[in-house]
Amino acid sequence: DSGVTQTPKHLITATGQRVTLRCSPRSGDLSVYWYQQSLDQGLQFLIQYYNGEERAKGNILERFSAQQFPDLHSELNLSSLELGDSALYFCASSVEPRGTEAFFGQGTRLTVV
Amino acid sequence: GNSVTQMEGPVTLSEEAFLTINCTYTATGYPSLFWYVQYPGEGLQLLLKATKADDKGSNKGFEATYRKETTSFHLEKGSVQVSDSAVYFCALRSAGFQKLVFGTGTRLLVSP
């Protein structure tokens, strides 16, 4: 158990809908990262937050947004969903913004039908 | 830009065989290098890491040496077990950047 908790584990939704994925980092970790794992793109970095502020942005679509709350949990919001958004979404956390070790959650598997 | 290239899988071995999974990278500066493992239905777990040239990361019988001259970080294990069956990801983090850049992953299948 990495200490990073993601909910829900599975999500099935229709095209055009909006979903929210939730991540609770390890106790004491201030930095949260979101990654998308899909068959065609592999593991892609989406976005990072550190202590409530956006720190780095990767290949995140404009339809996607994220935030980190004062209690340090983070949410990834995906809207106007398309079939191609079906993927495994991972959250990871680390103590520092450039922590050499990031701990990953078990992921949320999103299926868009 | 930064990138990681791993050997295509699946790699199929018998129990107690020697394992090598190749990983090469392209990066500016001096990145930190990692191997992550993903067991079926689970998230990514850090297997080992190396933060500077000639460092050797090791864990659970797995080893990898940071070779700057060949820009490589090959994963090795002397004797694999069925329980090692998983997908292995090589990754790097460049100095000054927060994100991890992953390779495409290599699936390892170990049969009894």
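The values are calculated or read from the model by the stated rules, or taken from the named source; none is laboratory data. Here the structure is a predicted model, which means the values were calculated and not measured. A quick note on method: Cβ atoms are made from the backbone with ideal geometry, for glycine too, and the neighbour counts reach across all protein chains shown.
Values computed for the structure shown
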| read-out | value |
| --- | --- |
| Scan of segment A:36-45 for residues that are at pLDDT below 95 and under 19 Å from A:T20 (Cα atoms), ordered by number | A:Q37, A:S38, A:Q44, A:F45 |
| Filtered residue count, segment B:92-112, keeping only those that are of a type in the set (A, V, I, L, M, F, W, C), crowded, with 16+ Cβ neighbours inside 10 Å and outside any strand (DSSP E or B) | 2 |
| Filtered residue count, segment A:12-58, keeping only those that are part of a strand (DSSP E or B) and of a type in the set (D, E) | 2 |
| Tabulated pairs, segment B:31-54, first touching a residue at least 12 places away in the same chain (Cβ under 8 Å) and at the interface with chain A (Cβ under 7 Å from one of its Cβ atoms), second hydroxyl-bearing (S, T, Y) and crowded, with 19+ Cβ neighbours inside 10 Å, C-beta under 6 angstrom, 6+ apart or interchain | B:L44/B:Y36; B:L46/B:Y36; B:T51/B:S32 |
| Positions within segment B:19-49 being more than 18 Å from B:V87 (Cβ to Cβ), modelled with pLDDT under 95 and within 13 Å of the chain's Cα centre (by Cα), in sequence order | B:S32 |
| Subset tally (residues that are small (G, A, S), in a loop (DSSP other than H, G, I, E, B) and in contact with a Ser or Thr (Cβ under 7 Å, 6 or more places away or on another chain)) for segment A:59-92 | 1 |
| Qualifying strands (runs of 3 or more DSSP E) (wholly inside segment B:1-91; at least 2 residues being surrounded by fewer than 13 Cβ atoms within 10 Å (Cβ to Cβ)) | B:11-14 |
| Members of segment A:56-87 found to be of a type in the set (A, V, I, L, M) and either at pLDDT below 95 or over 20 Å from B:L44 (Cα atoms) (or both), listed by number | A:A56, A:I60, A:L61, A:A66, A:L72, A:L78, A:L81, A:L83 |
| Count of residues meeting criterion [surrounded by fewer than 20 Cβ atoms within 10 Å (Cβ to Cβ), closer than 15 Å to A:W34 by Cβ and charged (D, E, K, R)] in segment A:63-96 | 2 |
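Yes/no matrix, rows are residues, columns are (1) within 14 Å of chain B (Cβ to nearest Cβ); (2) touching a strand residue (DSSP E or B) at 6+ places or on another chain (Cβ under 7 Å); (3) touching a residue at least 12 places away in the same chain (Cβ under 8 Å):
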position: A:G3; (1), (2), (3): yes, yes, yes
position: A:Q6; (1), (2), (3): yes, yes, yes
position: A:Q17; (1), (2), (3): no, no, yes
position: A:V32; (1), (2), (3): yes, yes, yes
position: A:Y50; (1), (2), (3): yes, yes, yes
position: A:I60; (1), (2), (3): yes, yes, yes
position: A:F64; (1), (2), (3): no, yes, yes
position: A:E82; (1), (2), (3): no, yes, yes
position: A:F90; (1), (2), (3): yes, yes, yes
